[in-house]
Amino acid sequence: MNRDHRRIIHELAQIYGIESVSYDNEPKRNVVITAVKGKSICPSNTLTSVLEREMQTRPPPPIPHYRQTDK
């Protein structure tokens, strides 16, 4: 499993409250995840809805306005 895939698995595990541990050395490095009763959760949002929200274009941030002071 490559580094990017492992990172995604660790991030998802954190969201779901699941323990994740990487084992072995490259190129056989892998991730084992374990759900713990009472600690692990099932979020109300689906991964698809999160991806759709993240893929939407966002408006640019506001431009700060500064007053010029006379010296």
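Read-outs: derived from the displayed coordinates by stated rules, not from any lab. Quick caveat, the model's predicted, so the values are computed rather than measured. Counting neighbours? That spans all protein chains shown, and the Cβs are built from the backbone with ideal geometry, glycine included.
Numbers for the structure displayed
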read-out	value
Any pair with Cβ under 8 angstrom, 6 or more apart, that starts in segment 43-71 at a residue that is within 17 Å of ILE15 (Cα to Cα) and ends at one that is among the aromatic types (Phe, Trp, Tyr) and not in a loop (DSSP other than H, G, I, E, B)	PRO43/TYR16
Subset tally (residues that are of a type in the set (D, E, K, R), closer than 21 Å to ASN2 by Cβ and surrounded by fewer than 10 Cβ atoms within 10 Å (Cβ to Cβ)) for segment 25-46	2
Test for SER49: is it among the hydroxyl-bearing types (Ser, Thr, Tyr), assigned to a strand (DSSP E or B) and surrounded by 10 or more Cβ atoms within 10 Å (Cβ to Cβ)	no
Residue pairs meeting the criteria (Cβ under 7 Å; at least 6 apart or on separate chains; first in contact (Cβ under 8 Å) with a residue 12 or more places away in the chain and more than 17 Å from GLY38 (Cβ to Cβ), in segment 1-20; second of a type in the set (Gly, Ala, Ser) and surrounded by 13 or more Cβ atoms within 10 Å (Cβ to Cβ))	ARG6/SER22; ILE9/SER20; HIS10/SER20; SER20/ALA13
Scope segment 22-46; condition of a type in the set (A, V, I, L, M, F, W, C) and part of a strand (DSSP E or B); matching residues	VAL31, VAL32, ILE33
